[in-house]
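No lab work stands behind these numbers, since they all come straight from the coordinates. As the structure is a computational prediction, the values presented were derived from the model and not from experiment. Don't worry about glycine lacking a Cβ; one is built from the backbone with ideal geometry, like all the others, and counts go over all protein chains shown.
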Amino acid sequence: MKNIFLTAIAASAVLVSCGTVQSLVQNTFPYTANVLVSTGVPADKEVSSTATATNVQTWFGGNNNAKIKDVRISEAKISVASPSGGNLSAFKSVKVYISSGGTNERLVASRSNISSNSDTLNLDLNDTGFLDEVVKSTGLTVRTVYELKNQTSSDMNIKVSLNFNSVPVN
């Protein structure tokens, strides 16, 4: 009887921990995109750069899109990824949009009047509601629109980092 009780406790602990790990993995997931800002980009003009993301199904393997819901943007930031370093002082504004295969585009984050001399900047989140249909699509596209205060003296790579939160479907 004692062995059955201990086995039941161990099995319960394993099931709870597996469910917790699955819940944590599926509740927060990142996406990063790289944007090249070349020296030829003029100041005071909006420029757009587009990158394609891997979808949730690819990250978790199999057809797990149905296992999450209520997807929202939870964090967005940009950082200098250039090997030469640098800072974000050349930027006037940044807007980040996501879409499903180029349709249903939604603004998820932005920042204007940038005055940071840092190499990392948190963007202001745009509460666009749930992003399930866009994030769970097979063709997630991230479009970054930026405007410079002045031209850069060398090429600069900017990394756009987006984190999404979701609720697991039971």
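Gain on full extension, evaluated as 0.36 nm per residue between Lys149 and Val169 minus their Cα-Cα distance, stands at 2.7 nm. The length gained on full extension between Asp132 and Glu75, counted as 0.36 nm times the residue separation minus their Cα-Cα distance, comes to 18.9 nm. The label-point distance for Ser112 and Lys45, in a model that sets each label 7 Å from Cα toward Cβ, rounds to 2.1 nm.
The label point for Asn27 and the one for Asp124, both projected 7 Å from the Cα toward the Cβ, are 2.9 nm apart.
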